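Here the structure comes first, spelled out in structure tokens, and everything after it is commentary.
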Amino acid sequence: MAVTAVNAARAVETVFRIESPRIIAGVTRIVRDVGIAEEIAQDALVAALEQWPRDGVPDRPGAWLMATARHRAVDLVRRKETYARKLAEVGRTLEDVPPPPEPAEPDDIDDDLLRLVFTACHPVLGTDARIALTLRLVAGLTTQEIARAFLAPEPTVAQRLVRAKGTLAKARVPFEVPYGADREQRLASVLEVIYLVFNEGYSATAGDDLLRPALCEDALRLARVLAALMPGEPEVHGLAALLEFQASRTATRTGPDGEPVLLADQNRSRWNRLLIRRGVDSLHRAGSGPYALQAAIAGCHAAAVRYEDTDWRTIATLYGRLAEQLPSPVVELNRAVAVSMSEGPGAALPLVDALAREPALRSYHLLPSVRGDLLERLGRATEARAEFERAAALTRNARERDLLLSRAAALG
């Protein structure tokens with residue numbers, strides 16, 4: 001019985017992690033306040049933790065959580081006299097509407113999720129607040145995970161989230177996808193948020209798993225919806241192309257036991273050719289902005305039948321162009337990797353050493369990881385081992401840590 005209760009609790013946590021963005025989005029449509037919607041979603045989680053261990057996990061756990069949250073939202077609206085008119089318009093019908101089916105097809109998406117993204121990216125919020133709030137509400141990240149992504153103290157991020165939700169409520173920001181100039185104004189922030197959500201799913205900052213596929217799927221759906229919604233925006237297609245290319249490799253990035261598989265060792269015959277074709281189609285509609293350049297880099301990898309066929313010189317050139325448009329030490333680190341593959345590790349090591357002075361990279365585990373790889377290729381095994389061990393100490397992802405420690409041990 002204890003084992004059943006533990007399994008049920010784990011099921012609750014897993015399903016809630018996946019479904020919480022849709023639940024919050026659906027409830028926000030009812031209560032029109034993302035802060036209250038998040039609290040109601042948490043109430044549904046508590047109800048599941050109480051009932052599922054006793055009654056068993058329902059056949060459609062996501063729908064159960066959604067229905068529970070919706071009913072609580074309608075009850076809340078009923079209790080507030082100031083919402084009487086809203087209840088008459090929407091609350092009465094919501095009671096009798098069955099919970100939405102869990103998405104089954106890659107192109108299926110709840111429009112409320114898109115509304116939630118645009119709401120969280122309202123210009124009344126600062127850029128950091130928009131990103132943090134969307135990662136919290138749409139990606140379901142914990143405050144700790146967001147702090148890691150921001151390289152910021154956890155209390156700072158927690159205060160930022162509280163203030164952001166309060167600001168949206170005070171400003172009475174409508175829960176909608178905006179039109180015209182307002183949509184254009186929010187687009188850059190929306191694209192950035194979708195990009196960050198996908199990256200968190202593609203390479204989790206913390207936890208026991210390298211991948212969080214549900215985040216990748218949500219981000220890819222949102223990118224596709226935006227591309228259909230705004231066909232004349234090249235960077236929307238650039239982001240869509242980038243995510244299609246990256247998603248095509250997801251199934252080969254981990255082994256049977258969830259261990260990371262490096263790009264050089266991935267089975268390219270298992271890369272999803274449909275997603276690659278979609279990426280190529282989107283890239284043809286993209287311009288030459290930052291997302292389009294990153295998509296072109298990903299496209300170079302997708303075009304190589306074998307790892308040895310990769311056009312690293314072109315990739316290095318594209319990273320150089322990207323650095324001109326989007327100056328960033330992370331972009332320079334990626335360019336150094338491409339230089340090491342096209343010109344040799346000796347040409348790239350000075351570039352990486354120069355980045356060691358960048359404050360933003362002091363706790364970035366990929367900097368010592370890349371340096372360790374270069375030193376290993378140069379035959380400097382002792383130094384390489386120290387770098388891999390340092391990288392392992394910096395990462396909070398268990399799978400990455402195991403890989404880095406195994407590379408260090410191999411040099412012992």
Backbone HN-Hα couplings from phi across segment 316-329 [Karplus 6.51/-1.76/1.60, Hz, Gly and Pro as x]: 4, 5, 5, 5, x, 5, 5, 4, 5, 7, 9, x, 7, x
Amide H within-cut-off set for Ala286, under 5 Å, with H built and near neighbours excluded: none
Loop-located trypsin sites (Lys or Arg not before Pro) in segment 1-81, at most 15 other Cβ atoms within 10 Å (DSSP): Lys80
3J(HN,Hα) from dihedral phi, segment 200-215, Karplus parametrisation 6.51/-1.76/1.60, rounded to Hz, x for glycine, proline: 5, x, 6, 8, 4, 6, 8, x, 8, 10, 6, 10, 10, x, 4, 5
MRE, 222 nm, helices only [DSSP H, n ≥ 4, -39500 (n - 2.57), over the chain, to nearest 500]: -22500 deg cm²/dmol
Apportionment of accessible area to carbon and sulfur, the chain, percent (1.4 Å): 52 percent
Label corresponding to Rg/Rh (Cα atoms, Kirkwood Rh) when calculated from the structure given, among (i) 0.99; (ii) 0.96; (iii) 1.07: (i)
Net dipole in debye of segment 364-412 [+1 Lys, Arg Cβ; -1 Asp, Glu Cβ; about Cα centre; nearest 20]: 60 debye
Within the chain: Cβ-based charge dipole about Cα centre, in debye rounded to nearest 20 (Lys, Arg +1; Asp, Glu -1): 580 debye
Per residue value of the accessible surface for the chain (all protein chains in place, 1.4 Å probe), Å²: 47 Å²
Amide H within-cut-off set for Thr254, under 5 Å, with H built and near neighbours excluded: Val261
Protection-proxy order for peptides 400-410, 294-304, each taking the mean of Cβ atoms within 10 Å per residue, highest first: 294-304, 400-410
Cβ-based charge dipole, the chain, positive-most Cα from Gly140, Ala304, Gln246: Gly140
Computed Kirkwood radius, in angstrom, where 1/r is averaged over Cα pairs of segment 1-60: 12.0 Å
Charge-dipole axis of the chain as Lys and Arg at +1 and Asp and Glu at -1 on Cβ define it, positive-most pick from Val352, Val370, Val117: Val117
Value of relative contact order over the chain, rounded to a whole percent, pairs C-alpha under 8 Å and six or more apart: 11 percent
Degrees, to the nearest 10: 366-377 long Cα axis against longest axis of the chain: 30 degrees
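The values are calculated or read from the model by the stated rules, or taken from the named source; none is laboratory data. Everything numeric here is computed off the predicted structure, so don't read it as measured data. Backbone-built Cβ (ideal geometry, glycine too); neighbour counts: all protein chains shown. We work out accessible area using only protein heavy atoms, side chains counted, and drop any ligands, DNA or RNA first. Shrake-Rupley method; radii C 1.70, N 1.55, O 1.52, S 1.80 Å.
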